[in-house]
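In what follows, a structure is listed as structure tokens, so that the remarks can point back to it.
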Amino acid sequence: MSRDLAAHGRRARAAIFDRLGDATPPVPKPAPALAPWYAAQAAAHTGTDRVARFVAAATAWHAQVVETTPTAWADAVADLVAEHGIRNPMAGPDTAIAAALDARLARTAARLHWYARDLETDKDLLFDTVDCGVTTARGGIAETGSLVLWPDAREPRTLSLVPPMHIAVLHADALVDTLHEAMTGQRWADALPTNALLVTGPSKTADIQRLLVYGAHGPKRLAIVLIRNDPS
């Protein structure tokens, strides 16, 4: 009996392998043509005000947007620091905003701290004292009101994640319409960091009893200092 079962099993396996061998190999499907779709999306935004759409979307997600000029952006940061009662902001050293930020906040009641590039060194200060992280933003997406952050050794992820408030300095010239445009135009595939971030409003969650809570997983306040080159 056992020999019959074993023989039956061998025949069944052989039949399966024979059918697999006789099967027509799968024909790879061509990749979908995405270029026409993305071209249509870009055409839909032609002539629209990208800045206005970004501001409207970001504000809808409860971000505070302050529009300013290349000569007044540091004043805008100082005004936000005063408005929100910030006493211990922190920023990354050797960035495009560091010198002007240092000079302007020196004339306020706040004490500007510099990230030391070592979390172990700054951990207690960052978690216990710093009440606002100030960073640059690589870009912004008008469709969703999202910031593109590109953390590095000078501006690590913790700087925009740990403090209860985040101020991001963004040039309006770095705004794009869609995520696809950001990824292709900035050539993300060439040099992705460990964390490429899309920040859409302050941190929020409704995991518990569907109650919306801000600040559960990051800053509960987000302010965007939007630098415009045009006088409007």
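Looking at the chain alone, DSSP beta bridges between its own residues are antiparallel in about 25 percent of cases. Taking Pro28, Pro70, Pro93 as the candidate residues, the one with maximal mean-square fluctuation in a Gaussian network model of the chain, Cα springs under 10 Å, is Pro28. Split the chain at each of the trypsin sites (Lys or Arg not before Pro) in a DSSP loop with at most 10 other beta carbon atoms within 10 Å, and the longest piece is 1-106. Expressed as a whole percent, the proportion of Cα-Cα pairs in the range 50-227 lying more than 25 Å apart is 30%. Among the lysines, select those whose C-alpha is under 30 Å from the C-alpha of Lys220, and discard any that sit fewer than 8 residues away in the same chain. Counting by Cα, and skipping residues close in sequence, Lys220 has these lysines nearby: Lys123, Lys204. Across the range 125-134, rounded Karplus estimates of 3J(HN,Hα) from the backbone phi angles (6.51 cos²θ - 1.76 cosθ + 1.60, θ = phi - 60°) give 4, 5, 8, 9, 10, 4, 10, 6, x, 10 Hz, Gly and Pro being marked x.
Where a number appears in this text, it was derived from the coordinates with a stated rule and is not lab data. What you are looking at is a predicted structure, and each value in this text was computed from that prediction instead of being measured. Please note: Cβ atoms are built from the backbone with ideal geometry, for glycine as well, and neighbour counts cover all protein chains shown.
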